[in-house]
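The numbers here are math on the coordinates, done by the rules we state, and not lab data. Here the structure is a predicted model, which is why all the values come from computation and not from measurement. Positions of Cβ are generated from backbone atoms using ideal geometry, with glycine treated the same way; all protein chains shown enter the neighbour counts.
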Amino acid sequence: MDNQFKREFEDIFKAHVSRDGTDKFLEWLGSTDFFTAPASTRFHCACESGLVMHSLNVYKVLREKHFDEGDSEESFALCGLLHDVCKAQFYKISTRNVKNDATGEWEKKPFYSVDDAFPYGHGEKSVFLIERFIRLKTAEAVAIRWHMGGFDDSAKGNSYTMGEAYYKYPLAVKLHLSDLEATYLLEKGTSEAR
């Protein structure tokens, strides 16, 4: 399958990330559905290659709007491109019956559902998967862990850890803001399910 998003992802990644384990990580990532999977079941980029599209959008917003003197190109590439690696091998295509308004007939329609074989959380799962190959700096791990902000289940449980993470690590705030902008502004209307 020709995937322009995969090529763009790999070009950015290879241009900015040079840590030990990078080649093995990309090899592993290519063995998953990361480059063809959706980014969600119905909200944003719920379409083929939606996950890599979303990852690129987050990276671009992060880099274009939040890069300051002294920031690391490598950190921005790692965080922007890999924050949602937890969604690889996470979705499956199912079908449901939908009535065709024009014909009145019931038809099978595909949709994405969650099939989480490794239920380890969201941000923390991404950190775990990345660190199997590439050692993250503390700020990178914290940013990826807390990129969901108030949408993270831990934050819903009144954990103060997220606020402390944002206070100590500006990269975490920048990644969260970039994820929000990509999801709710850039990717509006990208879901095949809406």
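Using the reciprocal of the averaged 1/r over all distinct C-alpha pairs, how large is the Kirkwood radius of the chain in Å?
Working: mean 1/r = 0.0575 Å⁻¹.
About 17.4 Å for the chain.
Say R0 is 30 Å: what FRET efficiency, to the nearest 0.05, do Lys14 and Ser94 get from their beta-carbon distance? Before the final figure, lay out each step's value.
On the way: r = 35 Å, r/R0 = 1.17.
Plugging the Cβ-Cβ distance into 1/(1 + (r/R0)^6) gives 0.30.
How many times 2.2 N^0.38 Å is the alpha carbon radius of gyration of region 41-121?
Working: Rg = 18.0 Å, N = 81, 2.2 N^0.38 = 11.7 Å.
Relative to the rule-of-thumb radius for its length, region 41-121 sits at 1.54.
Sort 177-183, 3-9, 78-84 by packing, meaning the average of other beta carbons within 10 Å per residue, with the highest value first. List each step's numbers first, then the result.
Numbers: 177-183: 20.9, 3-9: 15.7, 78-84: 26.9.
Result, highest mean Cβ count within 10 Å first: 78-84, 177-183, 3-9.
Hey, which lysines would be in cross-link range of Lys60, C-alpha to C-alpha under 18 Å, not counting anything within fewer than 8 residues on its own chain?
Within reach: Lys6, Lys14, Lys174, Lys188.
Within 10 Å, count the other beta carbons around each residue, average over each peptide in 118-125, 143-150, 101-108, and list them highest first.
Numbers: 118-125: 16.1, 143-150: 23.2, 101-108: 8.4.
Output ranking for 118-125, 143-150, 101-108: 143-150, 118-125, 101-108.
Do any of Lys65/Lys125; Lys92/Lys125; Lys87/Lys168 go past 21 Å between their Cα atoms, and which? Show your work: numbers first, answer last.
Working: Lys65/Lys125 26 Å; Lys92/Lys125 18 Å; Lys87/Lys168 27 Å.
Over 21 Å Cα-Cα: Lys65/Lys125; Lys87/Lys168.
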